[in-house]
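Enquirer: One structure, as structure tokens, below. Some questions next.
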Amino acid sequence: MTAAPRLDAPRLLKAQPVLSTVGLRKTYGKVVALEDVSLHAYRGEVLGIVGESGSGKSTVLRLLNLQESPDGGEYFLDLPERNRQNLFVLNRFETRQVRVHHIGIVYQNPHLGLRMKNTSSGNVAERLILAGERTFATLRGSARDSLSASEFPVARMDDPPFKLSGGMQQRVQLAKAIALRPTLLLLDEPTTGLDVSVQALVLDTLKRLQYELGITLIIVSHDLGVIRTLADRVMVMRGGRVVEAGLTDQILEDPQHPYTQQLVHAKL
Amino acid sequence: MRLLSVEGLTKRFQIHQLRREVPAFDSLSFELSGGEFKLVSGPNGAGKSTLLRCLYRSYLPTSGKAIYCSRLGTIDLARAADEDIALLRRQEIGYVSQFLRPRPRVSALELVAEPLVHAGKSRDAALRDAGESLEAFGLKPELWNAYPTTFSGGEQQKVNLARALIRPNHLLLLDEPTASLDATARLALADRLDELKAQGVGILGVFHHPEDVGELVDSRIEIAPLESTNVAYEPEARPA
């Protein structure tokens, strides 16, 4: 068995990545959750992360969201005020600033991202309040804009999320995540649990927003159909390590690593 | 002007579960110039489609080179970084298969116009060009604003071709695009390919019925099945 041939470094693409991590490592007690995970993504690019439960893909997302600290590694985002600064060494106040202004996240479980009994518009406005906005009219106007960009029916913007369908709840999360036009949008199984037709519509909204806003998107999913629809490149994880990375169609149609071949064939 | 030089390109699939290597083609070498239409021929299973997919990098070539002169510089498609391949796909390398990948709530007209909008054309101008292209391929105007998810195979293929050929690429890979097309659409395809050739686009195509594009073919590459000679050779090129 010969190893997959190595590729050259980029030569034609002159842009620098918006996001890069070097050697992420994370342990929980004796369990090594991540080992030597390096990744990068460009402006307007969608990077997919696939792998089975326990592969470490959600841990990567939590580190990128600055929710947890790693045991090793560095993380850079191309932000004017944080030029070439490892985001893992920021203090709590600085971390919060970066999270509020530059990183949005949509969770599989809307309870993690939303206050279910507050109004939907209030949920979205919360982001803006954290960023310092205090004028009621502005808050409401911006919340309405974000909700409508996420294709949420604005007539229902004052309904609390617990009264909404699963697809609608994900649109509220999305509106909240993009309210401040973040640099990076993280998606953790955003359409898992939605029925197929609703899933297609949410994916379509995501694709449109990502293109219009030029956001860099990282999507974690075990659903290869979702990854095929959205991602430009894919990273395959197993046991806390990256086993293979490549263009989405290449990973799905000509997987090189035994584990990826197993994964792809299991889904067909 | 030389556009692509393929040197000793080889593809083998490793099926880990079976601990087997399945060879697709071995040591192919040929050249393609700008404005040249080269037909890839050979029996079923010789690896014609696999060759196109290796050049588009849906498949990772096992060894060999494919030196491509892009507008941005010269690069080996077999070993180029994923990021560079993604960039070339967005800007100058097109791949046309037999299948359209429709998206929910995106009309035929918008789907065809999209590559032009992404390339920076205004929405109105792009939609106008898309309409002209769909008209040429013979898609009924009442379908332009409908969603292709529900179209017949032939109608979907018209949308697929209109979308894939609307932007003047530098290198175009055609994988049996005439399957399930009616006569009008086959003629429109030939006309469009002729136009693209005149603009200097290099075309590499696999056709089940080469007579559909007979007039346009400048040269051929024959891929022999691997059991025999394993070598690609080029019969004499037609005088230009």
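Enquirer: Hey, among B:Ala24, B:Ala46, which residue is out of contact with any Asp or Glu (no Cβ under 9 Å at 6 or more places or on another chain), closer than 23 Å to A:Asp249 by Cβ and touching a residue at least 12 places away in the same chain (Cβ under 8 Å)? Talk me through it step by step, then tell me what you get.
Expert: Values: B:Ala46 fails: out of contact with any Asp or Glu (no Cβ under 9 Å at 6 or more places or on another chain).
Residue meeting the stated conditions: B:Ala24.
Enquirer: Quickly run through segment B:55-73 and pick out the residues that are closer than 23 Å to A:Ala231 by Cβ and facing another protein chain (nearest Cβ under 9 Å). So that I can check it myself, show each step before the final result.
Expert: If we filter segment B:55-73 for residues that are closer than 23 Å to A:Ala231 by Cβ, which is where we start, we get B:55-61.
Of everything in segment B:55-73, those that are closer than 23 Å to A:Ala231 by Cβ and facing another protein chain (nearest Cβ under 9 Å) turn out to be B:Tyr56, B:Arg57, B:Ser58, B:Tyr59, B:Leu60, B:Pro61.
Enquirer: On to the next question. Report yes if A:Gln256 is within 11 Å of chain B (Cβ to nearest Cβ), free of Cβ contacts under 8 Å to residues at least 24 places away in the same chain and either part of a helix (DSSP H, G or I) or in contact with a strand residue (DSSP E or B) (Cβ under 7 Å, 6 or more places away or on another chain) (or both), otherwise no. I'd like the intermediate steps shown before the answer.
Expert: Working: within 11 Å of chain B (Cβ to nearest Cβ): yes; free of Cβ contacts under 8 Å to residues at least 24 places away in the same chain: no; either part of a helix (DSSP H, G or I) or in contact with a strand residue (DSSP E or B) (Cβ under 7 Å, 6 or more places away or on another chain) (or both): yes.
No: the conditions fail for A:Gln256.
Enquirer: Continuing with this model, one more query. Could you tell me whether segment B:74-96 includes any residue that is more than 9 Å from every other protein chain (Cβ to nearest Cβ), under 15 Å from the mean Cα position of the chain (by Cα) and of a type in the set (S, T, N, Q)?
Expert: Yes, segment B:74-96 contains at least one residue that is more than 9 Å from every other protein chain (Cβ to nearest Cβ), under 15 Å from the mean Cα position of the chain (by Cα) and of a type in the set (S, T, N, Q).
Enquirer: Exactly one of these conditions fails for B:Gly120: (1) more than 9 Å from chain A (Cβ to nearest Cβ); (2) touching a residue at least 12 places away in the same chain (Cβ under 8 Å). Give me its number.
Expert: The one condition B:Gly120 does not meet is (2).
Enquirer: Select, from B:Leu60, B:Leu52, the only residue that is under 23 Å from B:Leu189 (Cα atoms), crowded, with 20+ Cβ neighbours inside 10 Å and of a type in the set (A, V, I, L, M, F, W, C). Walk me through it before giving the result.
Expert: Working: B:Leu60 fails: under 23 Å from B:Leu189 (Cα atoms).
B:Leu52 is the lone residue from the list that is under 23 Å from B:Leu189 (Cα atoms), crowded, with 20+ Cβ neighbours inside 10 Å and of a type in the set (A, V, I, L, M, F, W, C).
Enquirer: Name the residues in segment B:96-143 that are among the aromatic types (Phe, Trp, Tyr) and surrounded by fewer than 19 Cβ atoms within 10 Å (Cβ to Cβ), would you?
Expert: First, the residues of segment B:96-143 that are among the aromatic types (Phe, Trp, Tyr): B:99, B:137.
Within segment B:96-143, B:Phe99 is the sole residue that qualifies.
Enquirer: Within segment B:97-113, track down each residue that is among the small types (Gly, Ala, Ser), more than 23 Å from A:Val198 (Cβ to Cβ) and either within 13 Å of chain A (Cβ to nearest Cβ) or free of Cβ contacts under 8 Å to residues at least 12 places away in the same chain (or both).
Expert: B:Ser97
Enquirer: Answer yes or no: is there a residue in segment A:208-223 that is at pLDDT 90 or above, out of contact with any strand residue (DSSP E or B) (no Cβ under 7 Å at 6 or more places or on another chain), more than 16 Å from A:Leu61 (Cβ to Cβ) and away from chain B (no Cβ under 13 Å). Can you show your working first?
Expert: Let us first name the residues in segment A:208-223 that are at pLDDT 90 or above, namely A:215-221.
Now restrict to residues that are out of contact with any strand residue (DSSP E or B) (no Cβ under 7 Å at 6 or more places or on another chain): none.
No, that holds for no residue.
Enquirer: Show the residue pairs meeting these rules: Cβ distance below 9 Å; 6+ apart or different chains; first residue within segment A:144-159 and closer than 15 Å to A:Gly122 by Cβ; second residue among the aromatic types (Phe, Trp, Tyr).
Expert: A:Ser146/A:Phe152
Enquirer: Oh, and also: Among the residues of segment B:41-53, is any more than 9 Å from chain A (Cβ to nearest Cβ), among the aliphatic types (A, V, I, L, M), farther than 30 Å from B:Glu215 by Cα and in contact with a strand residue (DSSP E or B) (Cβ under 9 Å, 6 or more places away or on another chain)?
Expert: So the first thing to find is which residues in segment B:41-53 are more than 9 Å from chain A (Cβ to nearest Cβ), and the list is B:41-52.
Keeping just the survivors that are among the aliphatic types (A, V, I, L, M) gives B:46, B:51-52.
Going one step further and asking which of them are farther than 30 Å from B:Glu215 by Cα, we end up with none.
No, every residue in segment B:41-53 fails to be more than 9 Å from chain A (Cβ to nearest Cβ), among the aliphatic types (A, V, I, L, M), farther than 30 Å from B:Glu215 by Cα and in contact with a strand residue (DSSP E or B) (Cβ under 9 Å, 6 or more places away or on another chain).
Enquirer: Any residue that is at pLDDT below 95, in contact with a helix residue (DSSP H, G or I) (Cβ under 8 Å, 6 or more places away or on another chain), surrounded by 17 or more Cβ atoms within 10 Å (Cβ to Cβ) and not in a helix (DSSP H, G or I) - is there at least one of those in segment A:120-143?
Expert: no
Enquirer: Quick one: which of B:Gly42, B:Gly34 is within 15 Å of the chain's Cα centre (by Cα) and surrounded by fewer than 21 Cβ atoms within 10 Å (Cβ to Cβ)? Quick ask: steps written out before the conclusion?
Expert: Values: B:Gly42 fails: within 15 Å of the chain's Cα centre (by Cα).
Only one candidate passes the filter, namely B:Gly34.
Enquirer: If you don't mind, there's one more thing I want to ask. Which of the residues that make up segment A:1-50 are hydrophobic (A, V, I, L, M, F, W, C), more than 25 Å from A:Leu263 (Cβ to Cβ) and at the interface with another protein chain (Cβ under 9 Å from one of its Cβ atoms)?
Expert: Step one: of segment A:1-50, the residues hydrophobic (A, V, I, L, M, F, W, C) are A:1, A:3-4, A:7, A:9, A:12-13, A:15, A:18-19, A:22, A:24, A:31-34, A:37, A:39, A:41, A:46-47, A:49-50.
Restricting the remaining residues to those that are more than 25 Å from A:Leu263 (Cβ to Cβ) gives A:9, A:12-13, A:15, A:18, A:22.
Residues satisfying the conditions are A:Ala9, A:Leu12, A:Leu13, A:Ala15.
Enquirer: Which one of these does B:Leu116 not meet: (1) within 28 Å of A:Leu13 (Cα to Cα); (2) modelled with pLDDT of 95 or more?
Expert: Of the numbered conditions (1) within 28 Å of A:Leu13 (Cα to Cα); (2) modelled with pLDDT of 95 or more, the odd one out for B:Leu116 is (2).
Enquirer: So, one more: Can we say B:Ser63 is farther than 28 Å from A:Arg11 by Cβ, among the hydroxyl-bearing types (Ser, Thr, Tyr) and without any contact (Cβ under 8 Å) to a residue 60 or more places away in the chain?
Expert: On the way: farther than 28 Å from A:Arg11 by Cβ: no; among the hydroxyl-bearing types (Ser, Thr, Tyr): yes; without any contact (Cβ under 8 Å) to a residue 60 or more places away in the chain: yes.
It is false that B:Ser63 is farther than 28 Å from A:Arg11 by Cβ, among the hydroxyl-bearing types (Ser, Thr, Tyr) and without any contact (Cβ under 8 Å) to a residue 60 or more places away in the chain.
Enquirer: So, restricting to strands (runs of 3 or more DSSP E) that lie completely within segment B:1-99, which ones have at least 2 residues that are of a type in the set (Ser, Thr, Tyr) and touching a Gly at 6+ places or on another chain (Cβ under 8 Å)?
Expert: Numbers: elements: B:2-15, B:20-33, B:37-41, B:63-70, B:73-76, B:93-96.
It comes to B:20-33.
The values are calculated or read from the model by the stated rules, or taken from the named source; none is laboratory data. Please read these numbers as outputs of a predicted model, since none were measured by experiment. Ideal geometry is used to build each Cβ from the backbone, glycine not excepted, and the neighbour counts take in all protein chains shown.
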